[in-house]
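First the structure, in the form of structure tokens, and then the observations on it.
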Amino acid sequence: MINVSIIGTGNVAYHLSNVFLEHHNINLIEVCGRRKNIPSYFSSRVNYCDNVSKISESDIYIICVSDDQIEIISNKIKASSKSLILHCSGSTHINALSNHCNYGVLYPLQTFSIEKNINFKKIPITIEGNSKDSLNKIENLASKLSENILKASSKQRLAIHVSAVFANNFTNYMRVVADEILKSNDIDPDILNPLTFETSDKLKYLNSKEAQTGPALRKDINTLKKHLNLLKGTSYHKIYETISNEIKKINYEL
């Protein structure tokens, strides 16, 4: 049985707490946060602490807070020399936890929202440890959560995180822009849903370059001009123009 405590009450902390509660080989000791009371979306089975310096003894402490708070929180944890301290950040170097004897990273590559359940078994988890023993312990924990484990250095993990921002955050922002354009023309944004789903589904069979379509790839200059004319005077004009110019270059690589 692995005794685990989570520090943080955000999206990642919430989903980790749920998967830990359901796993018979993991004992969730408690969740620790800054609020006086644990947010209502957490299970009533979760024990809660509002002072990280008084957190209960655990085998593994997992820090699930914003990147700029990781090192600050790490310095407040009074853990034994046998305990393992982890953070879940994609962009924070492992050395942010170097004030401890045993430390590392468990980074689940997924977008998390409180409202949406996640199947952890399918989530890629990148891991890193400050020693072979730490890495073995992290891999043991990660393998109980997911079928897809990747050992990666801090530099590799940063590259993964940047790539994820392009693939997920930027892509979702483009949908935000698309929705705003449709709403401003009195059109229900849901009209794009079948297109969005098909775009994602195609990646099961094609790589991203093969799946690329649209007027920029075809170098359909007349259509591009019409689109840019429609967007004239908006902040989206420059975005459309810049990305279209980059997509044009793909033609030379296919």
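Among the residues of region 19-40, is there at least one that is surrounded by fewer than 14 Cβ atoms within 10 Å (Cβ to Cβ), within 18 Å of Asp67 (Cβ to Cβ) and in contact with a helix residue (DSSP H, G or I) (Cβ under 9 Å, 6 or more places away or on another chain)?
The answer is yes, given that some residue of region 19-40 is surrounded by fewer than 14 Cβ atoms within 10 Å (Cβ to Cβ), within 18 Å of Asp67 (Cβ to Cβ) and in contact with a helix residue (DSSP H, G or I) (Cβ under 9 Å, 6 or more places away or on another chain).
In region 109-125, is there at least one residue being assigned to a strand (DSSP E or B), free of Cβ contacts under 8 Å to residues at least 40 places away in the same chain and over 22 Å from Glu147 (Cβ atoms)?
no
Output the number of residues of region 69-107 satisfying the condition of being among the charged types (D, E, K, R) and either under 30 Å from Lys122 (Cβ atoms) or in contact with a Leu (Cβ under 9 Å, 6 or more places away or on another chain) (or both). Quick ask: steps written out before the conclusion?
Narrowing region 69-107 to residues among the charged types (D, E, K, R): 71, 76, 78, 82.
After this cut, where a residue has to be either under 30 Å from Lys122 (Cβ atoms) or in contact with a Leu (Cβ under 9 Å, 6 or more places away or on another chain) (or both) as well, the list is 71.
The total comes to 1.
So for region 90-98 (the condition being exposed (fewer than 13 other Cβ atoms within 10 Å of the Cβ) and modelled with pLDDT under 95), does at least one residue qualify? Lay out the reasoning, then the answer.
From region 90-98, those exposed (fewer than 13 other Cβ atoms within 10 Å of the Cβ) are 95; that's our starting set.
Still in the list and also modelled with pLDDT under 95: none.
So far as region 90-98 goes, no, none of its residues is exposed (fewer than 13 other Cβ atoms within 10 Å of the Cβ) and modelled with pLDDT under 95.
Looking only at region 194-227, count how many residues are within 33 Å of the chain's Cα centre (by Cα), touching a residue at least 12 places away in the same chain (Cβ under 8 Å) and part of a helix (DSSP H, G or I).
Qualifying residue count for the region: 9.
Looking at region 146-175, which of the residues that are touching a residue at least 60 places away in the same chain (Cβ under 8 Å) and over 27 Å from Phe197 (Cα atoms) is farthest from the chain's Cα centre (by Cα)?
That would be Ser154.
Yes or no, residue by residue, for (1) charged (D, E, K, R); (2) over 25 Å from the mean Cα position of the chain (by Cα):
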residue: Asn51; (1), (2): no, yes
residue: Ile55; (1), (2): no, yes
residue: Ala79; (1), (2): no, yes
residue: Ala96; (1), (2): no, no
residue: Pro108; (1), (2): no, no
residue: Lys116; (1), (2): yes, no
residue: Asn119; (1), (2): no, no
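Of everything in region 231-245, what is open to solvent by 60 Å² or more (accessible area, probe 1.4 Å), without any contact (Cβ under 8 Å) to a residue 12 or more places away in the chain and in a helix (DSSP H, G or I)? Give them in sequence order.
Residues satisfying the conditions are Lys238, Thr242.
The values are calculated or read from the model by the stated rules, or taken from the named source; none is laboratory data. Treat the numbers as computed from the prediction; the structure is a model and nothing was measured. Positions of Cβ are backbone-derived with ideal geometry, glycine not excepted, and every protein chain shown enters the neighbour counts. The accessibility values were calculated without ligands, DNA or RNA, using every heavy atom of the protein model including side chains. Shrake-Rupley method; radii C 1.70, N 1.55, O 1.52, S 1.80 Å.
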